[in-house]
1. Please identify the pairs in which a residue from the range A:252-269 that is of a type in the set (Ser, Thr, Tyr) has its Cβ atom under 9 Å from the Cβ atom of a residue that is in a loop (DSSP other than H, G, I, E, B), counting only partners at least 6 apart or on another chain.
2. Residues in the range A:297-315: is at least one under 23 Å from A:Leu60 (Cα atoms) and over 19 Å from the mean Cα position of the chain (by Cα)?
3. So is B:Leu131 facing chain A (nearest Cβ under 9 Å), part of a helix (DSSP H, G or I) and over 20 Å from A:Tyr416 (Cβ atoms) or not?
4. So, of the residues in the range A:159-209 that are out of contact with any Gly (no Cβ under 9 Å at 6 or more places or on another chain) and among the β-branched types (Val, Ile, Thr), which turns out to be farthest from the other protein chains (Cβ to nearest Cβ)?
5. What's the number of the only condition in (1) surrounded by fewer than 17 Cβ atoms within 10 Å (Cβ to Cβ); (2) not in a loop (DSSP other than H, G, I, E, B); (3) not basic (Lys, Arg) that A:Pro156 fails to meet?
6. In the range A:294-310, is there at least one residue being more than 16 Å from A:Ser396 (Cβ to Cβ), surrounded by 20 or more Cβ atoms within 10 Å (Cβ to Cβ) and among the β-branched types (Val, Ile, Thr)?
7. Which of the helices (runs of 4 or more DSSP H) found entirely inside the range B:10-109 contain at least 1 residues meeting this: in contact with a strand residue (DSSP E or B) (Cβ under 7 Å, 6 or more places away or on another chain) and either hydroxyl-bearing (Ser, Thr, Tyr) or more than 7 Å from every other protein chain (Cβ to nearest Cβ) (or both)?
Amino acid sequence: MKFFTLSVLLVLYFALGLVNNELEKEITGQNIEKYYSGGLLKTEIDKVKNIADYLFKVDLEPETHSIKVDEKIVWRNKSRFSANEIYFHLYANAYKSNNTVFSGYYKLAPENRTEFQISKILVNGTKKEFIYVSKNKNYPQDSTVAKIMLGKEINPDDSVIVEIQYRLKIPVSVKRFGRAKGVNFYFVSQWFPKVGVFENGKWICEPYYPYLNFYSDFGRYEAVISVPKNYKVAATGTEEGITFSAKRNIFRFVQNGVHDFAWAASDNFLYRKEKFTRRNGTVIRLDFFIQPGRIKYFERYKNAVKNSLRFFEENIGEYPYQTLTMVDVPRTSASSGMEYPTLFTVSAPLISPIETHSPEKLVAHEFSHQYFQGILANNEVYEAWLDEGFASYAASKIMEKYYGKGLLTFKLAGYYPVYGINFLSYNEIPVIYSIEKIPYNEYDRSLSVYYKNLTLGSIADTSCKLPGRLSYRVNSYAKPELMLYSLERILGSEKMFGILRDYFNKYKFKHPKGADFIRVVQSHTGGGLTWFFENVYGKSALFDYKIKYLKKTKKDSYKLFCERIGDGVFPVDVFIYTSKDTLRKFWDGRARWKIFEFSTHEKVLGAEIDPYRKNLFDLNFANNSFLLSTSYSASLALSANWYFWLQNALINFGGI
Amino acid sequence: MTVKEILTLGARTVYYNKKFVILFWGMNAAGALILTLPIYYILADNLNNSILGYKLLNEYDFSWLLQIKFLYAKNIGQFPYLLYVLTGIYLLVQNFFVGGLIAVFHNPQKNHIVDFFYGGVKYWLRLTRLLLIVLVLFYLAFKLNDIFGNLITWYYAGVENAMGDFLTRSFRYVFLLFLIGVLMIFSDYTKISLVVNDRTKVLKELLEVIKLTSVNFYKIFTVFVIVALIGGLGAVVYNLLGILIPAKPYYYLILLFVLRQMLIIFRLLIKMLFYSTEILIYKDLTAKVINVQPEEKEVIT
């Protein structure tokens, strides 16, 4: 039987391969075999160390909302240590009950539940069983991690073949994996038993956390997916052909040099193909799977993807894969905004002018994950900031470069965007609001999140141990983005991107850690930024530099008193503005205060600490500066606006 | 009376009694000033000695806005309560003015300030009782709106039709505005009924008004919508003129302030127009029909 299955797969492989070459030529206009092998640039193949290769044969059965899977894994021990057991991530079991680590945040209704129904496990042809390992004391019934006792040692450079047969019902999605309601759409991620990472003689294999993703080794993935005739499939990797039969379509996807595989199937996708030409003339195939109601966004989606590709190629490094696939998920699916190797998911609001930067920023963010976590495959469970923080920063830079400043909006009737700010509303009716075009900085969202949680946790803390979602969001998304912005402002854009390029080239197709990135920065700056990482990365220091006063002591002599209120240390420029000139001083920012005494014949107007706002963590930008003469104009002008909004609100209330 | 006659006569009534708008404006300005003072002190504390103040006069800084919300979170967090308390006081004082205004509109010969205040004192208590009932009705309307919203969320959670969701939610929004409009009509006409007929049984009057408005809904609602649209026109004109006023230098803000006060006064005049037209409609609809058929009498020569 096994021989028969393998023979069928082999025949399919060659048959589909022939179809594929023609298909690729049609799309990319190039003979892809010259540049790519297994969906990866040939120039990159030597850099990839494939440890776990996967081969899947999948049947999707929409009638029962389930998949039937034959999985074959070849795991190679590329470490210096022997292993007598193999750990597996069984992340689909996170949806088993409300006793899993995942369900600690996402409560599961019966329709959201599923679990692996494993019928066979063979290790090198011998029957084996999973032994579930619960690492979290609060959730002893969690079964998202399991191990297989091998019975013998797998020595360095040895390999083992694991074959698993199982069925899996695809539940209604509550987050990431699952199907949509009201439309045939299946998003299939974390759907297969996946080998953990054998690192320094021990297995790294964490349970499935509600807001963290995964950590796994690179490998070659191949999947043959059979779906009903009217279904299309989007998946990780390059589509190497389709076989059509009377009732079923069989898609074959291959990808070398990735560490996960996700796919989506639907009878309701609109498919658009595009291409992106690298600077060296090679072509990336772009596959867009879009919901029919959102086809109006196709151009914007396409531009956002191409702008992101261009930005990364110019500033960080080349996208090394043959294909990039974007899946626009239905509104009833909870799988939007997710990233997997060569594939990411997005969605878009019904009404969304381009100035809102939606869906562009989401596209840019999810695309950025192709690099940060896709190619630079950090352990997201331990150091989520290395992908979320970097992706947030990169997406913001993309938006700044190609789209300019976004405009604030608030929504009427849950959908209709109105430019302006809504300060107070009752029952969705704006009470105090201002309708005007107000631009924002791309990092403002991170500032807003940071202000919600200043001190609970630091960027350096282990992500899965952070106490709650807010702490996770602040320390994985917001603070790292602000940190990278501040770093860029200290070093300058050119140096910053030089560092990112170096980091990318050094660690691509590897598992970099936070310390590795810091080492790269230090190597570019001569080790001069230790203070920065100590204060911003290693602890949750608070920053607030203030000018307490600036006064004239005698004719042409002045005294400027600068104060460090927070516990964070950040060296700062101090500018003194006179009627004709700017006097520039520098303060290392370490002492609690610093008095500058200076003389000038010019009229002194005021002084300012950190005039270029390099330290985005400073909690009060207003007290960074001091004017010699008090000015009421700003407070009066802003109060006048507020006064008018209140007058209107009172008239509205007075209508009762 | 035709709609045109109602609007013309209503506008004329407002014109003859325009001096009373100063009272409404004064109350509105004082209320807004009280509510603005805490915000002003926050801004003064943050900006009066900062260079950032000058920058903010010329350009937006959303980062600063986020910071000020964070730095003064406690003070700003208390603001809605202050707003609701002051709105309560505002409504009570407004009841006083509205009582006087309806009394004067009802009896055009008595348009002296003394008559205005006499009416205000006389009808304040009954209008306040009405206000309490109307507040309960508003609460019910918002509750109904909530239930409607929850139903929409529940229904569309499993339906792949964003446009349908949007349209239903928009309808809910419009329906809520309609409900608010209807309740305001009930409230206004009951006030008018209480004053015009000098009655004290508030609930009974409210029920009478509901009957009256439901029978004559078309006419009443048409006038209401037309007056509301005239009010909306004022906002459009304001916005068009507002665009023409440059943002800097900052002393142009004085011009903007004057324009804004003109809009506020206009909105208050529109509020007066609501009452004047409603009084005309009410009196027209409740007028007793006198049989004017001429009777032939024997003439004795």
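The values are calculated or read from the model by the stated rules, or taken from the named source; none is laboratory data. None of the values given here were measured: they were computed from a predicted structure. A quick note on method: Cβ atoms are made from the backbone with ideal geometry, for glycine too, and the neighbour counts reach across all protein chains shown.
1. Note: pairs meeting the criteria are A:Ser266/A:Ala180; A:Ser266/A:Val183; A:Ser266/A:Asn184; A:Ser266/A:Tyr231; A:Ser266/A:Gln291; A:Ser266/A:Pro330.
2. No, the range A:297-315 has no match at all.
3. So B:Leu131 fits the description; yes.
4. A:Val160
5. (2)
6. yes
7. Details: elements: B:21-47, B:51-58, B:62-71, B:73-106.
Answer list for the range B:10-109: none.
Matching residues to (1) crowded, with 17+ Cβ neighbours inside 10 Å; (2) at pLDDT 95 or above:
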{"residue": "A:Gly568", "(1), (2)": "yes, yes"}
{"residue": "A:Lys585", "(1), (2)": "no, yes"}
{"residue": "A:Ile595", "(1), (2)": "no, yes"}
{"residue": "A:Asn615", "(1), (2)": "yes, yes"}
{"residue": "A:Ser629", "(1), (2)": "no, no"}
{"residue": "A:Ser635", "(1), (2)": "yes, no"}
